[in-house]
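The values are calculated or read from the model by the stated rules, or taken from the named source; none is laboratory data. The model shown is predicted, which means the values in this text are computed figures rather than measured ones. Ideal geometry is used to build each Cβ from the backbone, glycine not excepted, and the neighbour counts take in all protein chains shown. Side chains are part of the model used for accessible areas, which takes the heavy atoms of the whole protein and leaves out ligands, DNA and RNA. Shrake-Rupley method; radii C 1.70, N 1.55, O 1.52, S 1.80 Å.
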Amino acid sequence: MTQNHELCKGCGYCILQCPKDALSLSSTVNRKGYNVVDLDQEKCILCAICYTVCPDSVFERVEA
Ligand code: SF4
Ligand code: SF4
């Protein structure tokens, strides 16, 4: 998964839904002033749930 951090609003929906606990709110703030979400690639199983639940299209699926 790749992320466009500038679209993130820090709502946390993706963090709650990730089955592998791969997402967390980071201390990095984007240009809109929202804390963005960190993705731990080691934990990620590419289930794309985050991609489905994010209302702001932050995640993009990349072919392995
Ligand atoms: S693709 Fe699945 S495992 Fe990976 S960060 Fe998104 S919800 Fe979590
Ligand atoms: S669901 Fe989308 S906008 Fe909300 S915290 Fe996750 S990446 Fe950011």
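Of note:
- Of 44, 11, all but one fail to be among the hydrophobic types (A, V, I, L, M, F, W, C), open to solvent by less than 60 Å² (accessible area, probe 1.4 Å), assigned to a loop (DSSP other than H, G, I, E, B) and out of contact with any strand residue (DSSP E or B) (no Cβ under 8 Å at 6 or more places or on another chain); the exception is 44.
- Output for segment 7-64, where each listed residue is within 7 Å of ligand 1 (Cβ to nearest atom), touching a helix residue (DSSP H, G or I) at 6+ places or on another chain (Cβ under 7 Å) and not aliphatic (A, V, I, L, M): 14, 17, 18, 19, 50, 59
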